[in-house]
Amino acid sequence: MNDNGNVPTLSSRQMKLVIVGHVDHGKSTLVGRLLSDTGSLPEGKIDFIKDICERQGKVFEFAFLLDALEEEQDQGITIDTSQIFFKTRKRHYVIIDAPGHKEFLKNMVTGAANAESALLLIDAHEGVQEQSRRHGYILKLLGLNQVAVVVNKMDLVGYDAEVFSKIKSEYTAFLESIGVQAEDFIPVSAKLGTNIAKREDEMPWYKGPTVLEMLDRFEEKVPPSHLPFRMPVQDVYKFDERRIIAGRVESGRLKVGDRLTFSPSNKKGVVKTIEAWSVAEQPTEASASQSIGFTLDEQIFTERGEVATRVDELPIVSSTFDVNLFWMGKRHLEKGRTYTLKLTTQEVACEVVEFKKVIDASTLETLADQNFLAKNDVAELTLKTKRPVAFDLFGTSATTGRFVLVDEFDVCGGGIITTYTPSSKEDKLRDEVRFRDFNWVKSGVKAEERSYRNGHRAALILISGDSGVGKANLARHLEEKLFKLNFQSYLLDRRNVRLGVSVDITEGDPEFYDGETVRRFGEVTKLFLDAGHVVISTSNAFNQDQDGDIRLLAEPHPVIDIAITDQPQTSGAVDVTLSLPEAKNEVEAANKIYHYLKDQKILTGHNYSI
Amino acid sequence: MDHLDDLENQSIFILREAYKNFKNLAMLWSIGKDSTVMAWLARKAFFGYCPMPLVHIDTSYKIPSMIEYRDKMAKEWGLNLVVGQNKKALDEGMNHEMGRLVCCEALKTQGLQNVMEEKGYTGLILGIRRDEEGTRAKERYFSPRDKNFEWDFKDQPPELWDQFKTTFKEGTHIRIHPILHWTELNVWEYIQREKIPIIDLYFANEEGKRYRSLGCAPCTGAIDSKAKNVDEIVDELKNNTTTSERSGRAQDQEDTYAMQKLRAKGYM
């Protein structure tokens, strides 16, 4: 709501509170009561609403204070989260009024995700209902652990202590099963104002706090400055001679002089300045929750999505991890479909690898053998991303361990990363790459300088397709085309690598099968990429594992996958698909790839400043 | 860090997300305190620069000193100012006597749509706040509008953990609200702390009247006040206020759902 302009001295920080629970269990009424009993309403507001009720032929209810929208009053349900301000003697609050109607789960999530404490309402008359459980579960998933349960409408059950204690034990058992401990259970009548701001005589058996007393006991959430430093890069600005890396410190602290690593690219740099505009003194430190910008002592190419950390406190980098996820999408979450994962400022295509456990969030029942996730339900599952992402486990660092999933255009799921169980081979390879990158003897010529002279960034173009579809021909043609346009192109034939670098491995050796030849090919490619070339290569079949290994070895250089096939591509792992007839015309096919490279800003043209 | 730092940090984060995700963006500048604070926040976010144009919709009925202040600030702050006006409606004699809602829709909403079409903006940054009035309380930080500029407030995208809706079907445009979570008092406290130059219509004149919210001359009323400067306004808001901020804005009082009707059609 609004207009409660008469809350005096709203200047101090507000505690963000969310009120959730089953539809019609009295959330809006409780909010209206809190406003009224703390003297937080503007003069004439209640009269104004009473007047509207009279005109519409309705009995006045506190809930109407909140239902500012016409449609809402017609349906008698709160559609959306709105913010209401009130204060107690101790501090200021902003209530995010979260609706309970099942259809509006995404609004409840929006409200609760932004809160630091929660009141969960249960109707004494109706008892624990579907949304009581679902909301409890989602509060847990959102990481909200300051929760008090308010048992409302005690007037309808004659203020019966037995009814209260039955609900209390039933819901406590539920919360325990999901690992949540409620701060307290409070029996109230929001409509009559019992145990909200003041105690009445109706429930002498209840000795606990009133709702307001409970609220004042909640602790303010402080930014996680005590955790390791994490700053996802939001953008890089060059409005003037400064090259400023901008972002929000998600956890920890930063000082001028700190040695940083950017993950997943493994680039390093030392913080030269922390920039700020219109401040008395230029800052030398920053801490969690601050939106900042810094410069490095040496210009490195970093971009949105990389996570800056101290060199000795690296995040996990992986493309496979286990999550707990709730789903709000209109269509099911399914295997075989590509979604966009948004985690800090990283955005990457991903797929569900395995549904480990699908749960009906209203009953906590496991839906056995269900290989999809329906709207409003929750699951434990394994995700695989197209490129590796940098993250922490939610339990270690909440702000860098949670993400959303986007289906087409819409944010449809929210999740937390619970465990990280990579395939051991991939993990080993990544460790190798890290060791290599950290100890790499750097050239005096920077990658940016090479790009500037060459007119392109270094990249690997992988053309895959069945034998006989014209891969080799296309690859040769593409190499020539780019070369004639003055680009540094080089066709790296796998056979040539095998003939020399991998001559010690022959078909039949275990190394032939466990990816050692792929690793060697990747390392050779890496050298050419470091030299600034556009490397072109071919392979007989697109193999996701091999492709992943090569990408890992080539990082941070881009790998462009070109598939020659008439099969529709669903996985989203391929950048350009050429049909068989298209590939036969190597001039047109090379042109198509050429334009794609230009669109992707890999070929930037000569004299282009990066 | 105090609560103003928290608010500032969140707004800067949102402005940077907006700038990164949408290239053809404009910021709406009403000349009032909120959008002026927002322009200031943009300069904080982008280290002294405001990389997006500022659009002012001139209804021609604005209080004259607003235009003076606008041009002066644009020059001082090096802003790229774009002025929009629905000349056709004005030529046809549109004014508030034809009905306040009709007038607002023609001169403000349509005026804005004209500029957006002409310049091809796909996103608009606005300085609305949740505590202003009920409909705005329901807004998201990133709020889509369809091709007819309509707001589907019943089916809004979820917003959690500062992951915003940044991908759209063609024809949709986005409204971004970086100071949605601020209150009127927060805005004044911030102006006080940062010493942001604000138009003097907000300060009480000789007759003891000041504007609390700025709009067109015929539809904006002054309130009784002794607050002659920013410090006194902060004190006034902390201690005395029992009426709402927009009580001087006549269009809000037209009918019970005036603001909702205006906003569903694309009003700011």
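Readers should treat all values here as calculations from the given coordinates under stated rules, not as data from a laboratory. For clarity, every value in this text was computed on a predicted model and none was experimentally measured. Ideal geometry is used to build each Cβ from the backbone, glycine not excepted, and the neighbour counts take in all protein chains shown.
Whole number please: convex hull volume per residue, Cα atoms of the range A:112-249, in Å³.
With only Cα atoms used, the range A:112-249 gives 154 Å³ per residue.
May I ask you to compute the full-extension gain from residue A:363 to residue A:496, defined as 0.36 nm times their residue separation minus their alpha-carbon distance, rounded to one decimal in nm?
Extra length available between residue A:363 and residue A:496 comes to 41.8 nm.
At a temperature of 25 °C and a viscosity of 0.890 mPa s, determine how fast chain A diffuses translationally according to Stokes-Einstein, using the Kirkwood radius over alpha-carbon pairs as Rh; express D in µm²/s, rounded to the nearest whole number.
Reported coefficient: 88 µm²/s.
Which FRET efficiency value, to the nearest 0.05, is calculated for residue A:303 and residue A:161 with the Förster distance at 51 angstrom and r the Cβ-Cβ distance?
Values: r = 62 Å, r/R0 = 1.21.
FRET efficiency, residue A:303 to residue A:161: 0.25.
Quick one: which residues, 5+ away or cross-chain, put their amide H under 5 Å from the amide H of residue B:54? H built at 1.01 Å from N.
Sorted by chain and number, the residues that satisfy this are B:27, B:80, B:81, B:82.
Which residue, B:239, B:186, B:86, has the most motion in a Gaussian network model of chain B that connects Cα atoms within less than 10 Å?
Of the options given, B:239 has the highest mean-square fluctuation.
Along the range B:224-230, what does the Karplus equation 6.51 cos²θ - 1.76 cosθ + 1.60 (θ = phi - 60°) give for ³J(HN,Hα), rounded to whole Hz, x for Gly and Pro?
Result, ordered by residue: 6, 6, 9, 6, 9, 8, 4 Hz.
Which of B:151, A:205 comes first, and how do the rest follow, when ranked by fewest Cβ neighbours within 10 Å?
So the residues, fewest neighbours to most, are A:205, B:151.
Given springs between every Cα pair under 10 Å in a Gaussian network model of chain B, which of B:84, B:127, B:99 has the largest fluctuation?
Result: B:99 has the largest fluctuation of those listed.
Under a point spin-label approximation (7 Å from Cα along Cα-to-Cβ), what is the residue A:89-residue A:530 distance to one decimal in nm?
About 7.0 nm separates the two model spin labels.
Pick out which of B:105, B:184, B:68 has the largest mean-square fluctuation in a Gaussian network model of chain B, springs linking Cα atoms closer than 10 Å.
B:68
Could you work out how much longer the chain between residue A:587 and residue A:540 gets when fully extended? Use 0.36 nm per residue separation minus the Cα distance between them, nm to one decimal.
Extra length from residue A:587 to residue A:540 when fully extended: 14.8 nm.
Given a Förster radius of 25 Å and the C-beta distance between residue A:467 and residue A:338 as r, what FRET efficiency does 1/(1 + (r/R0)^6) yield to the nearest 0.05? Each step should come with its number before you reach the end.
Values: r = 28 Å, r/R0 = 1.11.
In this case the efficiency is close to 0.35.
Can you list residues from other chains, or at least 5 along the same chain, whose modelled amide H is less than 5 Å from the amide H of residue A:15?
Those qualifying (amide H under 5 Å, at least 5 residues apart or on another chain) are A:92, A:93, A:94.
Taking only DSSP H segments of four or more residues, each worth -39500 (n - 2.57), what value at 222 nm results for chain A once the sum is divided by all its residues, to the nearest 500 deg cm²/dmol?
So the calculated ellipticity at 222 nm is -8000 deg cm²/dmol.
Just rank A:533, A:25, fewest to most, by other beta-carbon atoms within 10 angstrom. Mind showing how you got there, number by number?
On the way: A:533 23, A:25 26.
With the fewest neighbours first, A:533, A:25 line up as A:533, A:25.
Quick check on chain B: helices-only [θ] at 222 nm, where DSSP H runs of length 4 and up contribute -39,500 (n - 2.57) each and the sum goes over total residues. Nearest 500, please.
Roughly -10500 deg cm²/dmol at 222 nm, from the helical runs in chain B.
Going by Cα centres, the range A:448-506 and the range A:305-319 are how many Å apart?
If we compute the Cα centre of each part, the gap is 31 Å.
Relative contact order of chain A: what whole-number percent is it, with Cα pairs under 8 angstrom and at least 6 residues apart? Each step should come with its number before you reach the end.
Details: 1243 pairs, mean separation 55.6, N = 610.
Here the relative contact order equals 9 percent.
Could you put A:412, B:50, A:53 in order, starting from the residue whose Cβ has the fewest other Cβ atoms within 10 Å? Kindly include the intermediate steps, with their values, before the conclusion.
Values: A:412 25, B:50 21, A:53 15.
By the 10 Å Cβ count, ascending: A:53, B:50, A:412.
Expressed as a rounded percentage, what relative contact order does the range A:315-412 have, with Cα pairs under 8 Å and six or more residues apart?
Taking the mean separation of contacting Cα pairs over the length of the range A:315-412, I get 40 percent.
What is the spin-label model distance, in nm, from residue B:67 to residue A:216 if the labels are put 7 Å beyond Cα along the C-beta direction?
Distance between label points: 5.5 nm.
Taking R0 as 51 Å, what FRET efficiency do you get between residue B:23 and residue A:202 from their Cβ-Cβ distance, rounded to the nearest 0.05?
E between residue B:23 and residue A:202, to the nearest 0.05, is 0.25.
What aspartates and glutamates does residue A:481 reach when the alpha-carbon gap must be under 15 Å and sequence neighbours fewer than 8 apart in one chain are set aside?
Once the sequence-local aspartates and glutamates are set aside, what remains near residue A:481 is A:586, A:588.
Measure off 7 Å from each Cα along the Cα-to-Cβ vector at residue B:88 and residue A:438, then give the distance between these two points in nanometres to one decimal.
Here the answer is 6.6 nm between the modelled labels.
Which length gain, in nm to one decimal place, applies between residue A:566 and residue A:50 when the Cα-Cα distance is subtracted from 0.36 nm times their residue separation? Before the final figure, lay out each step's value.
On the way: separation 516, 0.36 × 516 = 185.76 nm, distance 6.79 nm.
Extra length available between residue A:566 and residue A:50 comes to 179.0 nm.
In Å, what Rg and Dmax follow from the Cα atoms of the range B:1-108?
16.2, 53
Note down the relative contact order for the range B:73-139 as a percent, whole number, built from C-alpha pairs under 8 angstrom at least six residues apart.
Averaging sequence separation for qualifying contacts and normalising by length gives 23 percent for the range B:73-139.
Grab the other residues whose beta carbon is less than 14 angstrom from that of residue B:203, score K and R as +1, D and E as -1, and report the net.
-2
Treating the beta-carbon of each Lys and Arg as +1 and of each Asp and Glu as -1, no other charges, what is the dipole magnitude of the protein assembly as shown about its Cα centre, to the nearest 20 debye?
1940 debye
For the pairs A:16/B:226; A:106/A:384; B:44/B:75, note any where the Cα-Cα span goes beyond 28 Å.
Too far apart for the 28 Å limit: A:16/B:226.
Per-residue mean of other chain beta-carbon atoms within 10 angstrom of the beta-carbon, peptide A:132-140?
Across A:132-140, the average partner-chain Cβ count within 10 Å equals 0.
For the cross-link pairs B:87/B:138; A:268/A:335; B:33/B:209, which exceed 27 Å when the distance is taken from alpha carbon to alpha carbon?
Checking Cα-Cα distances, B:87/B:138; A:268/A:335 exceed 27 Å.
Distance from the Cα centre of the range A:101-165 to that of the range A:340-374, in angstrom?
24 Å
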